[in-house]
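Structure, as structure tokens:
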Amino acid sequence: MNSRSAYGSDHPIGVAVLGMGNVGTEVVRIIQNQTEDLRQRVGAALVLRGVAVRRPDVDRGIPAELLTTDAHALVARDDVDLVVEVMGGIDPARELIGAALSAGKSVVTANKALLADYTGELAAAALPSRADLYFEAAVAGAIPVVRPLIQSMSGDRVNRVVGIVNGTTNFILSAMDETGADYDETLAEATRLGYAEADPTADVEGFDAAAKAAILASLAFHTRVTAADVYREGISKITSEDMETAAAVGCTVKLLAICERVPGRPAAEEGGKDRISVRVYPALIPRKHPLSAVTGAFNAVVVEAENAGRLMFYGQGAGGAPTASAVMGDLVMAARNKFYGGRAPGESVYAELPIAPIGDTPTRYHVNLQVADRTGVLQEVAGEFARHGVSISTVRQEGSDEGARLVVVTHEAAESALADTVAALAELESVTSVTSVLRLEGTEE
Ligand code: HSE
């Protein structure tokens, strides 16, 4: 069907916005201030039909008649063609988006938590009605990374996506790196400056990054990945000593979201199929790695593909206006599709690659030990690494008041082998303590 006849100067495209927080406020501002540009870019005018809010009595600088508390009724209006969901959370967003898509109304959402668990359900709702579901703003705010993965890279084979996708934690880790302050003190400062929320759990414990990793992995590997498939550790246990340790070896600590293709094992074990590893954790990265230069609240995503090689996307991953920029790009696309009769690419999950358990995931490690300073200790320690099949790359020894400090950097080893090694080291009479175990990423072995 060519819907060109359905929309035009006398039949604008109606937009409903659900939520008027930081992002919603900016989306509404742009729709209202850039009317003519948007009309030219879409082909028909975008007209704001209403904004669903929880508290309509608050003065938001727009006509009161545009505000409603009844989001369901707003979505169902005949003159609403497109829905922008920027309220966040699972309920009622899930139901509202489902209702819009089932009714053939395209949806633009920034809701990573919802998408990480319910993209399949939402895509199914959109299929019969031919509605579009766009979500560029759900990962890394203003940074275009969703559309490049879905469209630009659709003829390539992605092997790895590694990103700093949470601004709050990157702000905290950058500040700890710069000032030498400890975690609690830095978190308090981040909260005071508005970089961390009053309840920072979703950010500092890695839930926000894990939802984004699930979305990125789904797109990169054409496989449905949910938040539960993502191995997750946050930054709340990172200490100022860890930062010093990192600095001493030319590294910094970053919370990384890593989505990786793990080459298939022999056919007898796994059918020869590649697997995917999706994980979020703080890791040492060398200061010369491009992600090391991503400081403050900025985000960046590196994509490695077979033919394209390495691509890097960098910019503002949060904030009202930057996130609204991504929402508006999607809104224009969805509106153009209405006007010209096109359609966004649907969900692509044909590859159905299995998830590799974290225990099988090969990573390098940086292990800090406090040991007795006597003959043979180095050999005992090295022996435990060897016994568990973990190959050592470098060992450094420093004298200290209580004995000696050993810093062992490994080659790639499976997480489970390293865990067994650490448990065995802790049992050695010559090892006073395993002071820290940090993953090391971004090095060429
Ligand atoms: N809280 C997120 C961050 C932004 O700190 O990056 C929204 O996903």
In the set Gly89, Gly14, Gly50, the lone residue that is in contact with a Leu (Cβ under 8 Å, 6 or more places away or on another chain) and closer than 16 Å to Arg336 by Cβ is Gly14
Matching residues in the stretch 149-163 (under 12 Å from the mean Cα position of the chain (by Cα) and either within 9 Å of the ligand (Cβ to nearest atom) or farther than 17 Å from Ile215 by Cα (or both)) number 0
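Can you go through Asp57, Asp79 and tell me which one is of a type outside the set (Val, Ile, Thr) and modelled with pLDDT under 95?
Values: Asp79 fails: modelled with pLDDT under 95.
Residue meeting the stated conditions: Asp57.
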Gly359 fails exactly one of (1) in a helix (DSSP H, G or I); (2) within 30 Å of Gly21 (Cα to Cα); (3) under 23 Å from the mean Cα position of the chain (by Cα); (4) of a type outside the set (Asp, Glu), namely (2)
Residues in the stretch 112-148 that are more than 16 Å from the ligand (Cβ to nearest atom) and of a type in the set (A, V, I, L, M, F, W, C) total 8
Within the stretch 75-120, residues of a type in the set (A, V, I, L, M, F, W, C) and surrounded by fewer than 19 Cβ atoms within 10 Å (Cβ to Cβ) come out as Ala76, Ile90, Ala99, Ala103
Only unsatisfied item for Tyr118, checking (1) free of Cβ contacts under 8 Å to residues at least 40 places away in the same chain; (2) closer than 18 Å to Asp203 by Cα, is (2)
Taking the stretch 287-304 and the residues there that are of a type in the set (Val, Ile, Thr) and part of a loop (DSSP other than H, G, I, E, B), the one that is farthest from Gly442 (Cα to Cα) would be Thr295
A careful count of residues in the stretch 383-406 that are in contact with a His (Cβ under 8 Å, 6 or more places away or on another chain) and either exposed (fewer than 15 other Cβ atoms within 10 Å of the Cβ) or free of Cβ contacts under 8 Å to residues at least 12 places away in the same chain (or both) gives 1
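The values are calculated or read from the model by the stated rules, or taken from the named source; none is laboratory data. Quick caveat: nothing in here was measured; it's all calculated off a predicted structure. When we count neighbours, we look across all protein chains shown, and the Cβ atoms used for this are built from the backbone with ideal geometry, even at glycine.
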